[in-house]
Amino acid sequence: MYWSRFHIPTLKEAPADAEVVSHNLMTRAGMIRKLAAGIYTYMPYGWRSINKVANIVRQEMDRIGSNEMVMPTVQPGDLWIESGRWRAYGKELLRFKDRHDRDCCLGPTHEEVVTDVVRGEVRSYRQLPVSLYQIQTKFRDEIRPRFGLMRGREFIMKDAYTFDKDDDGADKSYWDMFHAYEKCFQRSALRFKSVSADSGSIGGSFSHEFMVLADTGEDVVAACKSCNFASNIERAEVKPSGKVADGKNAKPVEEVSTPGAHTVEELTSMMNIPATDLLKTILFVVDGKKVAVLVRGDREVNEVKLKNHFSSVIDLDIMPAEMVEQVTGAPVGFAGPIGLKVDLILADFEAQEKDCWITGGNKADVHLRNVNLERDVPGVIFKDMREITLGDVCPQCGGEIELPRGIEVGHVFKLGTKYSEAMNAKFLDENGKEQFFIMGCYGIGVTRVVAACIEQNHDEKGIIFPPPIAPFEVLIVNLDAESKEAQAECVKLHDLLTAQGLDVLVDDRVERPGVKFNDADLIGVPMQIFVGAKELASGKVEGKDRRSGERVSLSLDKFAADFKAWQTKVYNGWNM
Ligand code: ATP
Ligand code: MG
């Protein structure tokens with residue numbers, strides 16, 4: 001390929017909305033162009049990299065016997081009503097009507113469609129297992145699209161679905177997929193961690209996310225420094241300390257006047273106490289139920305844990321202010337557990353550690369001292385309700401926890417019979433009895449993988465592509481574009497390396513060398529070869545490893561051998 005005919009519109013300036021380096025560099029390297037919030041055109045240079053990732057994924061899917069297919073992007077609302085998600089999915093589902101006034105949506109994921117396909121085609125246990133996948137455009141009307149391809153509204157996902165006749169089969173499908181995902185991310189040269197994730201009502205270890213570790217990640221991983229424990233912070237269990245106050249220090253409840261102290265900070269400074277003496281009362285509405293959750297003043301409620309307290313939840317929201325005033329009888333900021341008019345009070349295990357707590361008083365400008373939940377709040381349920389933090393111990397081995405940030409690039413999930421039951425998808429087992437399919441669903445954010453890779457591999461000059469997902473593996477830069485000899489040599493090298501199966505780009509533009517050097521580093525092709533009239537005269541060209549910056553001299557009379565040796569060295573630097 002020749003740059004003069006291949007459109008890579010590089011830019012000097014970053015786009016104004018670029019908050020992360022991958023968004024900045026992908027735009028400047030001409031890989032993507034924004035059409036609207038979270039909606040991008042994949043330009044030719046970017047598309048090549050996306051396709052490299054897609055092909056790696058394809059190979060690993062084929063290896064475990066998953067079959068590629070493509071399902072429609074536009075989906076009938078009826079299917080979503082059947083599964084129960086027309087209501088449950090919320091505003092991320094882009095809905096519209098067709099000309100016959102029928103409800104439709106743009107697919108954010110394909111459980112409904114694939115279940116519909118399989119229930120129509122697979123009748124007998126003999127046809128199982130079935131594993132299907134597609135690499136396709138998804139649409140999710142994200143509330144905060146940002147970071148370029150990292151959180152788009154339109155993006156490319158590889159989504160796979162498995163159907164098994166029994167639990168053992170479903171577990172095998174799950175772990176096959178898990179290991180295939182590890183291979184995909186290793187082959188894409190990502191530094192990642194697989195972490196256990198929230199599996200909602202299914203429980204067990206049947207949901208894992210694959211996290212690319214990067215400071216710009218939107219997720220937080222709780223990982224143990226000593227053992228292999230790693231979990232999305234959303235799910236990370238906090239083990240109770242075992243300390244339970246025995247009531248010996250309990251004292252009568254007293255009112256304290258706290259005018260204008262609505263927040264933990266205001267209260268702790270007014271009363272001159274640490275936040276650890278305080279229990280805050282956070283109010284939620286969970287599918288119409290009024291729920292209070294109590295955690296220590298310096299802790300945060302984990303909403304996933306709250307959600308998982310119930311068997312199924314559609315809507316979980318912070319309680320609106322007017323309702324807070326109704327249930328507490330006080331302005332917002334003074335909620336407390338005593339006399340609260342709610343359906344359920346949950347308290348984190350930590351609330352058992354003391355006999356006396358300071359809480360809101362359910363009265364304007366009043367807090368209470370010496371609140372003892374066991375004694376004063378009938379029906380309170382103690383549970384793991386808070387977010388793990390630094391200083392907590394590993395729930396597996398008691399070791400020290402760290403909290404790195406991560407970008408979720410993949411997710412594997414055992415669904416069980418959730419969709420097959422809702423959509424009545426059954427097969428006949430060995431005994432001629434109808435059974436629901438046991439399903440799994442699995443996703444890789446193909447476009448997000450490219451962005452995550454750039455987050456991990458760049459420097460101040462630009463992208464540093466790992467060879468397997470680089471748009472081109474070799475860039476030949478003609479430093480004397482007007483010299484016929486130099487051009488002929490570039491063509492020769494291009495043809496030779498292309499014949500070896502490499503993707504080669506020749507920068508044959510009539511531009512100053514300085515411009516070409518800068519562009520070369522910006523677009524990040526892993527191996528750069530410079531062809532100039534001066535070096536040609538001495539029978540040489542120069543190679544530069546984009547990652548290490550190391551330069552080598554490649555002699556033209558034994559180019560194939562010199563190149564091979566250099567390529568091995570460059571790839572070894574990438575551990576591949
Ligand atoms: P997130 O928590 O980041 O929103 P998710 O849990 O909604 O992700 P899944 O439904 O499991 O994601 O989708 C599978 C994969 O698709 C994710 O692991 C991620 O790599 C990718 N993905 C999800 N949402 C987006 C998005 N808005 N833009 C780009 N990729 C996405
Ligand atoms: Mg999401």
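At-a-glance table
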{"quantity": "Test: LEU79 is more than 12 Å from ligand 1 (Cβ to nearest atom), farther than 26 Å from ASN431 by Cβ and in a strand (DSSP E or B)", "calculated": "no"}
{"quantity": "Matching entry among ALA470, ALA422 (being within 31 Å of the chain's Cα centre (by Cα), among the hydrophobic types (A, V, I, L, M, F, W, C), away from ligand 1 (no atom under 16 Å from the Cβ) and surrounded by 23 or more Cβ atoms within 10 Å (Cβ to Cβ))", "calculated": "ALA470"}
{"quantity": "Residue match in segment 126-140 (condition: more than 10 Å from ligand 1 (Cβ to nearest atom), open to solvent by less than 10 Å² (accessible area, probe 1.4 Å) and β-branched (Val, Ile, Thr))", "calculated": "no"}
{"quantity": "Qualifying residue in segment 102-110 (condition: open to solvent by less than 20 Å² (accessible area, probe 1.4 Å), in a strand (DSSP E or B) and within 29 Å of LYS34 (Cα to Cα))", "calculated": "yes"}
{"quantity": "Residue match in segment 110-129 (condition: within 16 Å of ligand 2 (Cβ to nearest atom) and not β-branched (Val, Ile, Thr))", "calculated": "yes"}
{"quantity": "Inter-residue pairs, beta-carbon under 8 Å, first of a type in the set (Gly, Ala, Ser) and at pLDDT 95 or above and in segment 294-305, second outside any loop (DSSP other than H, G, I, E, B) and surrounded by fewer than 20 Cβ atoms within 10 Å (Cβ to Cβ), 6+ apart", "calculated": "GLY297/VAL264; GLY297/THR268; GLY297/ALA275; GLY297/THR276; GLY297/ASP277"}
{"quantity": "Within segment 114-125, tally of residues that are crowded, with 19+ Cβ neighbours inside 10 Å and without any contact (Cβ under 8 Å) to a residue 60 or more places away in the chain", "calculated": "1"}
{"quantity": "Complete set of residues in segment 141-165 that are touching a Ser or Thr at 6+ places or on another chain (Cβ under 9 Å), closer than 19 Å to GLY46 by Cα, more than 9 Å from ligand 1 (Cβ to nearest atom) and assigned to a strand (DSSP E or B)", "calculated": "none"}
{"quantity": "Strands (runs of 3 or more DSSP E) within segment 190-276 that include 1 or more residues acidic (Asp, Glu) and open to solvent by 40 Å² or more (accessible area, probe 1.4 Å)", "calculated": "254-257"}
{"quantity": "Count of residues meeting criterion [open to solvent by less than 50 Å² (accessible area, probe 1.4 Å) and part of a loop (DSSP other than H, G, I, E, B)] in segment 53-68", "calculated": "2"}
{"quantity": "Hey, ARG87 in contact (Cβ under 8 Å) with a residue 60 or more places away in the chain and within 16 Å of ligand 2 (Cβ to nearest atom) or not", "calculated": "no"}
{"quantity": "Residues located in segment 1-16, provided they are over 30 Å from VAL491 (Cβ atoms) and touching a residue at least 12 places away in the same chain (Cβ under 8 Å)", "calculated": "GLU13, ALA14, PRO15"}
{"quantity": "Single condition SER311 does not satisfy, out of (1) open to solvent by less than 20 Å² (accessible area, probe 1.4 Å); (2) in a loop (DSSP other than H, G, I, E, B)", "calculated": "(1)"}
{"quantity": "Test result for ILE358, surrounded by 22 or more Cβ atoms within 10 Å (Cβ to Cβ), under 30 Å from THR258 (Cα atoms), touching a Lys or Arg at 6+ places or on another chain (Cβ under 8 Å) and not hydroxyl-bearing (Ser, Thr, Tyr)", "calculated": "yes"}
{"quantity": "Failed criterion for MET385 (all others in (1) open to solvent by 40 Å² or more (accessible area, probe 1.4 Å); (2) at pLDDT 95 or above hold)", "calculated": "(1)"}
{"quantity": "Matching entry among LYS34, LYS91 (being among the charged types (D, E, K, R), open to solvent by 70 Å² or more (accessible area, probe 1.4 Å) and either part of a loop (DSSP other than H, G, I, E, B) or within 30 Å of ILE8 (Cα to Cα) (or both))", "calculated": "LYS34"}
{"quantity": "Evaluation of THR417 against (1) crowded, with 22+ Cβ neighbours inside 10 Å; (2) within 30 Å of ALA160 (Cβ to Cβ); (3) hydroxyl-bearing (Ser, Thr, Tyr) (one fails), failing number", "calculated": "(1)"}
{"quantity": "Filter result for THR447 (open to solvent by less than 50 Å² (accessible area, probe 1.4 Å), at pLDDT 95 or above and in a helix (DSSP H, G or I))", "calculated": "yes"}
{"quantity": "Breaking point among (1) touching a helix residue (DSSP H, G or I) at 6+ places or on another chain (Cβ under 7 Å); (2) open to solvent by less than 10 Å² (accessible area, probe 1.4 Å), for TYR174", "calculated": "(1)"}
{"quantity": "Count - residues of segment 135-184 that are over 17 Å from LEU94 (Cα atoms), out of contact with any His (no Cβ under 7 Å at 6 or more places or on another chain), of a type in the set (D, E, K, R) and within 16 Å of ligand 2 (Cβ to nearest atom)", "calculated": "2"}
{"quantity": "Condition met for LEU505 (open to solvent by less than 10 Å² (accessible area, probe 1.4 Å), closer than 30 Å to GLN186 by Cβ and over 30 Å from the mean Cα position of the chain (by Cα))", "calculated": "yes"}
{"quantity": "Residue under evaluation ALA351, criteria (1) in contact (Cβ under 8 Å) with a residue 60 or more places away in the chain; (2) assigned to a helix (DSSP H, G or I); (3) open to solvent by 10 Å² or more (accessible area, probe 1.4 Å), criterion not met", "calculated": "(3)"}
{"quantity": "For THR41: the one exception among (1) buried (at least 18 other Cβ atoms within 10 Å of the Cβ); (2) within 16 Å of ligand 1 (Cβ to nearest atom)", "calculated": "(1)"}
{"quantity": "Flag if GLU430 is part of a helix (DSSP H, G or I) and either out of contact with any helix residue (DSSP H, G or I) (no Cβ under 6 Å at 6 or more places or on another chain) or acidic (Asp, Glu) (or both)", "calculated": "no"}
{"quantity": "Contacts under 6 angstrom Cβ, first residue in segment 156-180 being under 27 Å from LEU106 (Cα atoms), partner of a type in the set (Gly, Ala, Ser) and assigned to a helix (DSSP H, G or I), 6 or more apart", "calculated": "THR162/SER173"}
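Yes/no per residue for (1) within 16 Å of ligand 2 (Cβ to nearest atom); (2) touching a Phe, Trp or Tyr at 6+ places or on another chain (Cβ under 9 Å):
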residue: PRO395; (1), (2): no, yes
residue: GLU402; (1), (2): no, no
residue: GLY410; (1), (2): yes, yes
residue: LYS426; (1), (2): no, yes
residue: VAL446; (1), (2): yes, yes
residue: CYS453; (1), (2): no, yes
residue: ASP459; (1), (2): no, no
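The values are calculated or read from the model by the stated rules, or taken from the named source; none is laboratory data. Here the structure is a predicted model, which means the values were calculated and not measured. Note that we place each Cβ from the backbone using ideal geometry, even for glycine, and neighbour counts take in every protein chain shown. With ligands, DNA and RNA removed, areas are computed over all heavy atoms of the protein, side chains included. Shrake-Rupley method; radii C 1.70, N 1.55, O 1.52, S 1.80 Å.
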